[in-house]
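Read the figures in this text as sums done on the coordinates, not as results from a lab. Computed from a predicted model, the values in this text were never measured in an experiment. As a convention, Cβ positions derive from the backbone with ideal geometry for all residues, glycine included, and neighbour counts pool all protein chains shown.
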Amino acid sequence: MAEAPIVFLSYTSEDAEVARRLAEALQSKHIEVWWAPWRIAAGDSLRQKIDEGLAGCTHFLVLLTPQSVNRPWVNQEMDAALVRKLRDQCRFLPVRFELPASKLPPLLEGIYSPEICSAEDVQQLISDIHGITRKPPLGEPPAVVAAQLKQMSGYSSAANAIAQYFVEHSEHGDFADPQVSLAELSEAIGLTMDDARDGLHELRDFMEVSAWDDVRVHANLFPRFDGYWKSWNPAQDALRLAADLVNDDTLPSQAMGIAERYGWDARRLNPALTYLLEHSLIRECRLTGAFPYTMFRVQGTDDLRRFVKNRG
C-alpha cells in the first residue's frame, strides 16, 4: 500500500463537530490525520505537539468558517504552514464551511478554497489529497493525426488516414475490400469532404472513386501500406515466398496450401501475392473458387529466380 499522506487539520473549537466528521472521512480513506483530540493527551505540551504536527505534515488543511477565520490561533498555524508551503515542504489546503469566498483573508484570495458542504465535496478533497486528477484520460488522436504520427509514408496526413482506414478495415486485402461511400469515409476518419477528396487524389494509383462517390480500393494499396499498420511487411513476405517458390519443391502450388504452410490468413498472403504479381514475378491465375485468396494457383515466371538471386 502506498504511503499515506499526512494531513494537519487546523480548526477552532467552535467547529469541533465539523472538524471531527472531516477528520474521520479522511482517515477512512488512507489519509493520516493530525487532529488535536487524537494527538494531544493529558500532560502534553500543546505548542510542542502542534509544532511536531506542522513539521511532519504533507498537507496543511485549514477549516475556514465564520468562527475560525479570525481566530489568532488558527492564523498562527496558517502562518507557519504558508512558510512551509513556500519552501515546498507541504501543500496548503484551505477549505470553507458556511463561509462565502468574499470573506476570505486577503492573503488567501489567490488560493483556491473549495467549499465543504456535501459528501461529494469531501470525496473531491480526498481525491485532491491523493493526487487523483480530475482530468479524464487522454483519448486517441483523430485518425488524421494518428496516421501522421504512426509513420512517414511520403503522403499527406489526409492520404495517410485514408490508407490506414482501408488497411485496418480490409478483411482479405484485395480489390474493393472494403468499398465505402465518400461520405462514410470522411466521417470515419474525421475529414471534411474536400480534404478527403484531396487525399483520394493523392492515392489515385491505389483506389478509384465512382461518379456516385463510391470509393473502391485496389489490391496494390495493401503491399504499399500494410507495413505501416500491420504486424507484417508485404515486401518481406513476398521475398520469403519467392525464395520458397524457387528453392522448396515441397511448397504447395495453391494459395490455400501456402497460407496453411506459413500459418497466414488470406489478409496477409494476398498483399504478398499482389506484390509479386505487380513485379511480374508470378503468373496471374484467378479462378472461380479461389476466394478469399487473390489467386488460385501460384506459379513463378522466368524473372522469379533472378529476383531471388539478386536479393540473396
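Can you sort Glu52, Glu171, Glu77, Glu120 from fewest to most other Cβ atoms within 10 Å of each residue's own Cβ?
Numbers: Glu52 15, Glu171 11, Glu77 20, Glu120 8.
Ascending Cβ contact count within 10 Å gives the list Glu120, Glu171, Glu52, Glu77.
Please give the calculated 222 nm ellipticity per residue for the chain, where each DSSP H segment of at least 4 residues contributes -39500 (n - 2.57) and the sum is spread over every residue; nearest 500 deg cm²/dmol?
Values: 14 runs with 146 residues, N = 312.
After summing the helix terms and dividing by the residues of the chain, the value is -14000 deg cm²/dmol.
Can you tell me what share of the DSSP beta bridges in the chain is antiparallel? A percent to the nearest 5 is fine. Provide the component values of the computation, followed by the final result.
Values: 9 of 23 bridges.
If I count the DSSP bridges inside the chain, around 40 percent turn out antiparallel.
Around Leu191, under 10 Å between beta carbons, what's the net of Lys plus Arg minus Asp minus Glu among the other residues? Before the final figure, lay out the partial values.
Numbers: positive: Arg197; negative: Glu187, Asp194, Asp195, Asp198.
My count for the surroundings of Leu191 gives -3.
Points 7 angstrom from Cα along the Cβ direction at Ile111 and Gln179: gap in nanometres?
So the two model labels end up 6.9 nm from each other.
Which aspartates and glutamates have a Cα lying under 14 Å from the Cα of Lys230, excluding residues fewer than 8 positions away in the same chain?
Excluding near neighbours in sequence, the set is Glu168, Glu171, Asp265.
May I ask you to derive the FRET efficiency for Ala290 and Arg204 from their Cβ-Cβ distance with R0 = 25 Å, giving the value to the nearest 0.05?
Values: r = 27 Å, r/R0 = 1.10.
Once the sixth-power term is evaluated, E becomes 0.35.
Could you compute the net charge surrounding Asp249? Neighbours are other residues with a C-beta less than 15 Å from the C-beta of Asp249; K and R count +1, D and E count -1.
Details: positive: Arg261, Arg305; negative: Asp244, Asp248.
Overall, the nearby charge balance is 0.
State the label only: which of (1) 40, 22, 15; (2) 31, 22, 17; (3) 73, 23, 16 corresponds to semi-axes √(5λ) of the Cα gyration tensor in Å computed from the shown model?
(3)
In nanometres, what is the gap between the two model label sites at Glu24 and Ala119, each 7 Å from Cα along Cα-to-Cβ?
1.3
Please report the relative contact order for the stretch 6-130, taking Cα pairs under 8 Å with a sequence separation of at least 6, and give it as a percent rounded to a whole number.
Values: 146 pairs, mean separation 33.4, N = 125.
Over the stretch 6-130, the number comes to 27 percent.
Taking 7 Å along the Cα-to-C-beta vector as the label spot, tell me the Arg47-Met256 distance in nanometres, rounded to one decimal.
My value for the distance between the label points is 9.4 nm.
Got a sec? How would Thr65, Thr58 order by Cβ neighbour count within 10 Å, fewest to most? Numbers along the way, then the final one.
Details: Thr65 22, Thr58 16.
Ordered by Cβ neighbours within 10 Å, fewest first: Thr58, Thr65.
Return Phe222, Phe175 ranked ascending by Cβ neighbour count within 10 Å, so the fewest neighbours appear first.
Working: Phe222 29, Phe175 17.
If I rank by nearby Cβ atoms, fewest first, I get Phe175, Phe222.
Setting aside same-chain residues fewer than 8 positions from Lys135, which lysines have a Cα under 22 Å from its Cα?
Lys29
Identify all aspartates and glutamates with a Cα-Cα distance to Lys85 below 13 Å; exclude those on the same chain that are fewer than 8 residues away in sequence.
Partners found: Glu77.
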